[in-house]
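The block underneath contains the structure these notes are about, expressed in structure tokens.
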Amino acid sequence: GQVWMDRNLGAHRVAQSVDDYQAYGWLYQWGRLADGHEVRSSPTTANLSWENVPGHDNFITSDEDPNDWRDPQHHSLWSPLFGLNNPCPDGFRVPTKTEWETEMNSWSTQDATGAFASPLKLVMAGWRGYTSGDVISAGEYGQYWSSTVDDSDAHHLTYLISGAVMNSRPRAYGFSVRCIKD
């Protein structure tokens, strides 16, 4: 009964295959607005932000716990109720962990095939590493942020050819975002 966007944020089109690079879209750091950092080729910086909006388009790398782009951490930047930095269009938001679990449980198989066969046509867009900012495993993994935090990390959906699971990872990673309607 939920309404989802038909493509990832930043995608050029609705996916035509699980590894359709034109449907990959952008890779966001958890809790950040669309400020240019999400572009796959954006420059990097190791200077953490003390603000909710860093004021630049650099992907912020981190190699110290808690591996976040922001110091100190802010836990409600993508909260469904108080999402200060919601990157989604008006009327949409980043889905919760529970909403992703419900979606994943509706798939015909718990893997990349099931993810693409779902009405969302999810793709394996890879991710950006939090220590280097490099794009990794495009065409091999799908990683989608949820709005739900897990202590100093945040929950996300991850899937590949052989499986799918909800996980939590540091917020400095760059993962795909698929928006859901409020």
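Looking across segment 61-78, the residues that are touching a strand residue (DSSP E or B) at 6+ places or on another chain (Cβ under 6 Å) and either of a type in the set (A, V, I, L, M) or buried (at least 19 other Cβ atoms within 10 Å of the Cβ) (or both) come down to 61, 69, 70, 78. Taken as a whole, the condition of being over 16 Å from residue 171 (Cβ atoms), touching a residue at least 60 places away in the same chain (Cβ under 8 Å), open to solvent by less than 40 Å² (accessible area, probe 1.4 Å) and not small (Gly, Ala, Ser) applies to residue 9. The set of residues in segment 38-53 that are farther than 16 Å from residue 147 by Cβ, open to solvent by 30 Å² or more (accessible area, probe 1.4 Å) and in a loop (DSSP other than H, G, I, E, B) comprises 39, 40, 41, 43, 46, 47, 48, 50, 51, 53. Just one of the listed residues (20, 35) is open to solvent by less than 50 Å² (accessible area, probe 1.4 Å) and in contact (Cβ under 8 Å) with a residue 60 or more places away in the chain, namely 20.
For segment 89-101, the criterion of being part of a loop (DSSP other than H, G, I, E, B), farther than 23 Å from residue 131 by Cα and in contact with a Gly (Cβ under 9 Å, 6 or more places away or on another chain) is met by at least one residue. Can you spot a residue in segment 142-157 that is open to solvent by less than 10 Å² (accessible area, probe 1.4 Å), part of a loop (DSSP other than H, G, I, E, B) and not β-branched (Val, Ile, Thr)? No, there is no match, as no residue in segment 142-157 is open to solvent by less than 10 Å² (accessible area, probe 1.4 Å), part of a loop (DSSP other than H, G, I, E, B) and not β-branched (Val, Ile, Thr). Among all positions in segment 161-174, there is no residue which is charged (D, E, K, R) and over 12 Å from the mean Cα position of the chain (by Cα).
The values are calculated or read from the model by the stated rules, or taken from the named source; none is laboratory data. Computed from a predicted model, the values in this text were never measured in an experiment. When we count neighbours, we look across all protein chains shown, and the Cβ atoms used for this are built from the backbone with ideal geometry, even at glycine. Quick note on the areas: whole protein, heavy atoms, side chains included, nothing else; ligands and nucleic acids left out. Shrake-Rupley method; radii C 1.70, N 1.55, O 1.52, S 1.80 Å.
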